[in-house]
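In what follows, a single structure is set out as structure tokens and then discussed.
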Amino acid sequence: MSQPRPTVRAPRPSRSSRLRRLPRLLGAVLLLTAVTASGAIGAAAAGPGPAAAEPAVRPLGHIVPVPASVEPAGAPFTLTSSTRIATDGSRQARAVAEQLAGVLRPSTGFALPVTDRPSPGAVRLRLDAGERALGDEGYRLHSAPGGLTLTAYREAGLFRGVQTLRQQLPSRVERDTVQPGPWRVAGGTVTDTPRFAWRGAMLDVSRHFLEAAQVKRYIDHIALYKINTLHLHLSDDQGWRIAVDSWPRLAGYGGSTEVGGGPGGHYTKAQYRDLVRYAAARHIEVVPEIDMPGHTNAALASYADLTCDGVAPPLYTGTAVGFSSLCVPKEITYDFVDDVIGEIAALTPGRYLHIGGDEAHSTSHEDYVAFMERVQPVVARHGKTVVGWHQLTGATPAEGAVAQYWGLDRTSAAEKERVAAAARAGTRLVLSPADRTYLDMKYDENTELGLSWAGYVEVRRSYDWDPGGYLAGAPESAIAGVEAPLWTETVSSDADIDRMAFPRLPGVAELGWSPARTHDWEDYRLRLAAQGPRMEALGIGYHRSPQVPWASAGAGAGAGE
């Protein structure tokens, strides 16, 4: 059912905060003015228009997510045909350097050899054991005419720094054919660390099956915005998407359809391992989800013994929820759980395994509690930490468990307090409020794709909230981070993914990465507008929300709706 869109009015900032943000706003305005010269600014209906020249040098720090600290200084660094990419000699730095070269070579046409020897005027990548304060993902970027240096404590930090370097260069650097220069990075220093450790994107491959190549494409796009977690929703009523040797009909039969009755599909173990490796190379941890005890019709249809009456239901291709349940009293249910979790845990080197637990309307509360008491220790026995939707807090979350909150602003105070109480007792929270972060929600009543049961979610609404203070009674120290789920009842193609995820996903990514003090819609919308040409260069067909004064490169894919 469509819900009325809530009215959001941001509080007027104080005079002092307006003064603090003035330099950033002026920089963003100058950037946007340069990019969108000759009237290229427009709403969705305006279309891309003629190509507009980007500024010769993008202001330092005018990227997404906005960095924690930016100190502009001096003349820019210029990438030339003689530039080398120099590392500190470590295997980790060289791996990131090769990735950087892979991005830059096609568009610049430069050789950009990767070397372990010092080189004047180079792009230098170095790990420094003395930079512990940067943490696992922080970095420092220093740009000057004599060279550009990226420093980090860990390899992931170098990789995050490379994403900043990409965004500081003109957007045409993302194209796969040779483009005109110059290739300059503004002078100064960026020192950057993330606010939250969990910055996630969830992809539902169950409602509509998404091929491995589609998932990899999404991984590439989310990595640019410093997302570090890919939550794969691998099972639901409409399809089972991962091969399980001990229960082969799960994928072979349970994965044979999807919403609307399409052919479905599933990942072989080799394909899943490859996806995990692909994500890991971009410093993204895969969190697999097997939803239970509800959302299990594909499993029940595959194995009648998992039902309480021993009768397998037919395969399901609709979109209703809450009607299916594993049979909690049967011992075979826990043999099934142990086998499935064991095989998937063995395929997944990451720390977490998501057991779902939402919308179990066909499971009594008593059975739900009993089920979670049996299943959470199974996850621990296979070496993983439990993640569950926030309904898990209606049982007793295991020690160290993570609850993913998907409630709405209008969710009852009692339910919110139950989740907050669990947080105060030690359960960490990942925040995915549906009326803020669900990427399958329509932007407005005219959006062709998506649903609206949580209301309409425009770009400002998805960005303009604070994870640290969102859930009353939950201390910020309990917030592991944020995640933007993309459910696929109406999504099946790359174009669909692009239109629903972009440009909302970058805003959620910024909420997860950037300090709370940098949060400012007016500043953000200008930085996001300047991302338009970059998304176009990457072939991302983003939705051109009228809330954003889009800049457009004017050529190629990605014009949006």
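When the P(r) is computed for the chain, the part past 31 Å accounts for 48% of the Cα-Cα pairs. Couplings for region 256-262, taken from phi via the Karplus curve 6.51 cos²θ - 1.76 cosθ + 1.60 with θ = phi - 60°, read 8, 8, 6, 4, x, x, x Hz in order; Gly and Pro are left as x.
Using R0 = 35 Å, the C-beta based FRET efficiency linking residue 303 and residue 197 works out to 0.40. Between the amide H of residue 58 and those of 186, distances stay under 5 Å, these residues lying 5 or more places away or on another chain, with hydrogens modeled in the peptide plane.
A Cα-only calculation for region 416-561 places Rg and Dmax at 16.1, 53 Å. Each Cα pair under 8 Å and six or more residues apart adds its sequence gap; the mean of these over the residue count of region 193-322 is a relative contact order of 28 percent. Each Lys or Arg adds one and each Asp or Glu subtracts one; over the other residues with Cβ under 15 Å from the Cβ of residue 216, this totals -1.
Which FRET efficiency, nearest 0.05, do residue 311 and residue 98 yield, Cβ-Cβ r, R0 56 Å? Given R0 = 56 Å and the Cβ-Cβ separation, E is 0.50.
Where the alpha-carbon atoms of region 103-241 are placed on the principal axes, they occupy 58, 39, 25 Å, in descending order. Potential lengthening of the chain between residue 521 and residue 273 amounts to 85.3 nm, from the contour at 0.36 nm per residue minus the alpha-carbon distance. The order of the peptides 153-159, 267-273 by mean Cβ neighbours within 10 Å, most packed first, is 153-159, 267-273.
Under 5 Å between amide hydrogens, built in the peptide plane, is the criterion, and for residue 80 it picks out nothing among residues at least 5 positions away or on other chains. Comparing 210, 189, 153 along the charge dipole axis of region 119-265, the residue lying farthest to the positive side is 189, per the Cβ-charge model. For the residue pairs 269/416; 269/442; 330/384, the alpha carbons lie more than 31 Å apart in 269/416; 269/442.
When the helices of the chain are scored as -39500 (n - 2.57) per DSSP H run of n ≥ 4 and the total is divided over every residue, the value at 222 nm lands at -9500 deg cm²/dmol. Expressed to the nearest 5 percent, the antiparallel share of DSSP beta bridges inside the chain is 35 percent.
Taking amide H positions as modeled 1.01 Å from N, with prolines and chain starts lacking one, the residues under 5 Å from residue 202 and 5 or more places away or on another chain are 231, 484, 486.
Every number in this text was worked out from the coordinates using simple rules, so none of it is lab data. The structure presented is a predicted model; accordingly, all values stated were derived computationally and were not measured. Because the Cβ atoms are built from the backbone with ideal geometry, glycine has one as well, and the counts that use them run over all protein chains shown.
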